[in-house]
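Data first, discussion second: the structure below is written as structure tokens.
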Amino acid sequence: MPKKLLVLGGGTGGLVISKEVRELFKPEEVEITVVDMRDRTEFRPSYLYVAFGYRKPEQISAPLEYLKRRGINFVKARVTKIDAANRRVSTTAGDFTYDNLVVALGAETVDTGFPHTWELEPSLKVAEALSNVKQGHVVIGAYSLPYRCPPAPIELAMLTHFYYLTRGRRDKVKITVVHPSKRPFESFGPMAAKWMSGFLQQLGIEYIGVGQGQAIKSLGKNELETTTGERVKFDAAFIVPPHKAPDPVLGSDLVKNGWAAPRSPPDGDFRSEKYDDVYVVGDVAAPNVPVGMAGTILHSYAPWVVSNIAADLAGVSIGKPPFRIVGTCALDVGAYGMAAACDFTPFVKKQKPYPDCMFLPPSPVTRIFKEMFEKVYFNWLLGVVP
């Protein structure tokens, strides 16, 4: 009988790990099943491009049925319960047992009623909101920490700047970012914060840094109040919604501080704190690593997770790859792009107060790379280009 690997989540984490494990084991050796409540996987960084009309929704997603081409089972179902003590997961398509479980269910957003680019449907409302503001005040607000892709509110602000600039209305529209961090890019270190603060000033983008984990106390139709009491009026607002772990994770015993708890990220151990046969990866575990919620970061440590799963399934170690937690981020500024590469390993190991980051100068090439990687992503994981 083949061993059973059950993967919850068809996003970056679930796809990377199921693909890499399949390349190590034949279907008759290991049966791999991926469960996701949607039948398509999406490239989340391109929600921004949908918002500004550069992409259509079908261009940034691909059917999870393509997993079957790789000998991986796909089940469209919602996970309802994770019973790790009995190696059982309940879903709307029935119960599943496993030898090893990967929990990669990501983070869910709590709707605030405002458009934003952290989910697909709200992204479709951004362009309409922008076009309705001929003059006035546009606010990009991050409700609270943590949220997916830490630099994204700044990228949204810069693309909003470019939107009005190319329409000859930039001098008529004020743009403000309201954020929990005291300074932009503060989590990447003081030099990054100083550089980005200066860059936003050059673009004429105001930044209100609250300096607390929650930035927004209340939201009205045309006004928000920060948790420090400042009131900001607006004509349009794009609000990064609060993020939370999915309910089946919160209802399990895999949680600490509201998020899935990996055993020892500084040592590369992403097993659950309580169970040797359960791995928790990606956004659902990121706050407990602690790193930002980003697929590029998960990709960097996935080889360690895969090697441990392979050892569990085969009963023998296949060796350990070098352990690093790194991330690369490309930001679209409109006519050009910017990029940063950060090594989070010394930060996660508590050897340094900030990650080691390198920033590349603005370049049109970076923007092209960001667009091209979207296609590379789907081809690499599913063997298809939307």
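The values are calculated or read from the model by the stated rules, or taken from the named source; none is laboratory data. Note that the coordinates shown come from a computational prediction; the quantities given were computed from them, not determined experimentally. Positions of Cβ are generated from backbone atoms using ideal geometry, with glycine treated the same way; all protein chains shown enter the neighbour counts. We work out accessible area using only protein heavy atoms, side chains counted, and drop any ligands, DNA or RNA first. Shrake-Rupley method; radii C 1.70, N 1.55, O 1.52, S 1.80 Å.
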- Tabulated pairs, the range 257-277, first in contact (Cβ under 8 Å) with a residue 60 or more places away in the chain and closer than 19 Å to PRO322 by Cβ, second β-branched (Val, Ile, Thr) and buried (at least 17 other Cβ atoms within 10 Å of the Cβ), C-beta under 6 angstrom, 6+ apart or interchain: PRO265/VAL289; PRO265/VAL348; PRO266/VAL348
- Note on the structure: Cβ pairs under 7 Å, 6+ apart or interchain, first in the range 158-173 and in contact (Cβ under 8 Å) with a residue 24 or more places away in the chain and under 17 Å from GLN201 (Cβ atoms), second part of a helix (DSSP H, G or I) and open to solvent by 50 Å² or more (accessible area, probe 1.4 Å), ordered by first then second residue, are none
- Query: Out of (1) in contact with a strand residue (DSSP E or B) (Cβ under 6 Å, 6 or more places away or on another chain); (2) in a loop (DSSP other than H, G, I, E, B), the odd one out for PRO353 is which?
  - Reply: (1)
- Message: I'd like the full set of residues that are polar (S, T, N, Q) and open to solvent by 20 Å² or more (accessible area, probe 1.4 Å), limited to the range 293-321.
- Response: THR296, SER300, SER317
- Message: I'd like the full set of residues that are open to solvent by 10 Å² or more (accessible area, probe 1.4 Å) and free of Cβ contacts under 8 Å to residues at least 40 places away in the same chain, limited to the range 328-339.
- Response: THR328, TYR336, ALA339
- Item | Subset of the range 182-216 that is of a type in the set (Lys, Arg) and in contact (Cβ under 8 Å) with a residue 12 or more places away in the chain - its residue that is most open to solvent (accessible area, probe 1.4 Å) | LYS182
- Here are some conditions: (1) of a type in the set (D, E, K, R); (2) surrounded by fewer than 20 Cβ atoms within 10 Å (Cβ to Cβ); (3) not in a loop (DSSP other than H, G, I, E, B). ARG324 meets all but one. Which one does it not meet? (3)
- Query: Restricted to the range 38-82, and to residues that are hydroxyl-bearing (Ser, Thr, Tyr) and under 29 Å from LEU24 (Cα atoms), which residue is farthest from the chain's Cα centre (by Cα)?
  - Reply: TYR66
- In the list ALA127, ALA157, ALA84, which residue meets the criterion of being over 19 Å from CYS329 (Cα atoms), in contact with a strand residue (DSSP E or B) (Cβ under 6 Å, 6 or more places away or on another chain) and of a type in the set (Gly, Ala, Ser)? ALA84
- Query: Given the conditions (1) of a type outside the set (S, T, N, Q); (2) more than 19 Å from TYR47 (Cα to Cα); (3) open to solvent by 20 Å² or more (accessible area, probe 1.4 Å); (4) modelled with pLDDT of 95 or more, which single one is not true for HIS179?
  - Reply: (3)
- Item | Qualifying positions in the range 116-143 - within 18 Å of LYS244 (Cα to Cα) and either open to solvent by less than 20 Å² (accessible area, probe 1.4 Å) or more than 17 Å from the chain's Cα centre (by Cα) (or both) | HIS116, THR117, TRP118, GLY141, ALA142
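For the range 34-56, what are the residues that are surrounded by fewer than 21 Cβ atoms within 10 Å (Cβ to Cβ) and either in a strand (DSSP E or B) or in contact with a Lys or Arg (Cβ under 9 Å, 6 or more places away or on another chain) (or both)?
MET37, ARG38, ASP39, ARG40, GLU42
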- What are the residues in the range 81-99 that are touching a helix residue (DSSP H, G or I) at 6+ places or on another chain (Cβ under 7 Å), in a strand (DSSP E or B) and open to solvent by less than 80 Å² (accessible area, probe 1.4 Å), if any? ILE82
